[in-house]
1. Tally up the residues in region 175-197 that are assigned to a loop (DSSP other than H, G, I, E, B) and either touching a residue at least 12 places away in the same chain (Cβ under 8 Å) or among the small types (G, A, S) (or both), please.
2. Conditions first: (1) under 30 Å from R20 (Cα atoms); (2) part of a loop (DSSP other than H, G, I, E, B); (3) of a type in the set (D, E, K, R). K59 passes all but one, so which condition is the exception?
3. Could you identify the single residue in G366, G341, G387 that is more than 14 Å from E268 (Cα to Cα), modelled with pLDDT of 95 or more and buried (at least 17 other Cβ atoms within 10 Å of the Cβ)?
4. Given the criteria among the charged types (D, E, K, R), in the same structural domain as A275 (by TED's automatic domain parsing), assigned to a strand (DSSP E or B) and closer than 30 Å to H146 by Cα, does K333 qualify?
5. Return the total of residues in region 110-139 being outside any loop (DSSP other than H, G, I, E, B) and over 21 Å from V89 (Cβ atoms).
6. It is to be established whether one or more residues within region 240-248 are surrounded by fewer than 17 Cβ atoms within 10 Å (Cβ to Cβ) and over 30 Å from C362 (Cα atoms).
7. Taking N79 as the residue in question, decide whether it is out of contact with any strand residue (DSSP E or B) (no Cβ under 9 Å at 6 or more places or on another chain), in a loop (DSSP other than H, G, I, E, B) and either assigned by TED's automatic domain parsing to the domain that holds S164 or farther than 19 Å from S223 by Cα (or both).
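The values are calculated or read from the model by the stated rules, or taken from the named source; none is laboratory data. What you see is a predicted model, and the numbers here were worked out from it, not measured in a lab. Ideal geometry is used to build each Cβ from the backbone, glycine not excepted, and the neighbour counts take in all protein chains shown.
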Amino acid sequence: MQIPIKLTDKIFYVGVNDRRTALFENLLPIEKGVAYNSYLIDDERVALIDTVHIGQIDKFLKKIEAIIGSRPIDYLIINHVEPDHAGSVKIISKLYPNIKLVGNKKTLGMIEGYFGIKENVIEVKEAETLTFGHNSLQFFTIPMVHWPESMVAHNKENKILFSSDAFGSFGTLDGGIFDDEMDFFTFEEEMRRYYANIVGKYGNPVQKAFEKLSPLEIKMIASSHGPILRKHIDEVFSWYNKWSRYETDEGVVIAFASMYGNTEEMAEAIARKLAEEGIKSIKIYDVSKTHSSYIISDIFRYKGLILGSPTYSNELHPNMEALVSRLSHIGIKNHYVGVFGSCTWAGAAVKKLNEFAANVGCELIGEPVEEKQALKEEKYNACRNLGLAMADRLKKSE
């Protein structure tokens, strides 16, 4: 038996939890799982807002049937075509053969491309409204947050924004569905990791989405992942505004690769000097152990970034090269960057890290440090000087 979860008398949560999948997009670790959120409007006409990952279809259908029984679904609103949301479109279309698929022009092109569906579709224009009885939805595109067809739907009668991937988070909903039913701030880090790795490249589109949606009255945000917001909307808006403007806190991420411990010793020396100079937030990551998504999340949080790598076959260590490539793709901004590295016979890593800092337009701090073989006193002191230079620059920017 399924007890329906109500947003209002006629709007229901029909999402599911996924605790088995190891990698989101087959890329990002989700140790705390993920929720695929879907919503059902049970009015004079029935509208389903997004579906769920195909692997969760049985649980999904049980929740729908508990609400509408044998009634047909009249409309399927497709805010986003990524398969974790649209993966069950084809099955839903076969189970409800008269259903109308609703999306914008770009959405419908993708639906045809993914599922071969061209019939029974409705294209909605910007700010157009569909009415289902007592409830309606008004549609707004938010391109590149985080796909070009991304769309949100606003229910003006209850002031609910169905926000698709915007304002979402990793993590399953463990009993509590609404933010005021849980310790909501346990989601902050996973929300930032979700934003940094999935939406982070698109800061300007996020700001444009804020401008477009600002006239709407919003009392609840029902995203496609994570808790439904009704108490902490202002906090989440402030986080997104800060992240999309690439604003950061005082602190330093030191990310290093080290094959035999010499580069790690350099990282420790830099970190100790930062602490001596009063920098409280220092995060050290071994890129061979910690997945880049966690490192990138903290890079979005803190102003200082210090990267270190040994030279590996005249290149960066492969795991550092992968991190730098991701950061270049995301296009991090407004950071202070320091670099260090080591080599055994010929150094190349420090030069390549310098090139990375220049290419992303970040301010290079202090003198780069490169040691040959084991760490010795001169370069140990140079590492401390790099830490001092970063601490001084952070303090001046306060």
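1. In the first step, residues of region 175-197 are kept if they are assigned to a loop (DSSP other than H, G, I, E, B); the result is 175-177, 182-183.
Now restrict to residues that are either touching a residue at least 12 places away in the same chain (Cβ under 8 Å) or among the small types (G, A, S) (or both): 175-177, 182.
Selection size over region 175-197: 4.
2. Tallying (1) under 30 Å from R20 (Cα atoms); (2) part of a loop (DSSP other than H, G, I, E, B); (3) of a type in the set (D, E, K, R), K59 fails exactly one: (2).
3. Working: G341 fails: more than 14 Å from E268 (Cα to Cα); G387 fails: more than 14 Å from E268 (Cα to Cα).
Going through G366, G341, G387 in turn, just one is more than 14 Å from E268 (Cα to Cα), modelled with pLDDT of 95 or more and buried (at least 17 other Cβ atoms within 10 Å of the Cβ): G366.
4. Details: among the charged types (D, E, K, R): yes; in the same structural domain as A275 (by TED's automatic domain parsing): yes; assigned to a strand (DSSP E or B): no; closer than 30 Å to H146 by Cα: yes.
No, not satisfied.
5. Within region 110-139, the subset outside any loop (DSSP other than H, G, I, E, B) is 110-115, 121-123, 129-131, 136-139.
Pick out the ones that are also over 21 Å from V89 (Cβ atoms) and you get 129, 131, 136, 138.
Residues that pass the stated criteria total 4.
6. Residues of region 240-248 surrounded by fewer than 17 Cβ atoms within 10 Å (Cβ to Cβ): 241-242, 245-247.
Checking which are over 30 Å from C362 (Cα atoms) leaves us with none.
No, the conditions are met nowhere in region 240-248.
7. On the way: out of contact with any strand residue (DSSP E or B) (no Cβ under 9 Å at 6 or more places or on another chain): no; in a loop (DSSP other than H, G, I, E, B): yes; either assigned by TED's automatic domain parsing to the domain that holds S164 or farther than 19 Å from S223 by Cα (or both): yes.
No; evaluated as a whole, the condition is false for this residue.
Condition check ((1) in a helix (DSSP H, G or I); (2) under 29 Å from W243 (Cβ atoms); (3) among the small types (G, A, S); (4) touching a His at 6+ places or on another chain (Cβ under 9 Å)) across all residues:
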residue	(1), (2), (3), (4)
W345	no, no, no, no
L353	yes, yes, no, no
L375	no, no, no, no
G387	yes, yes, yes, no
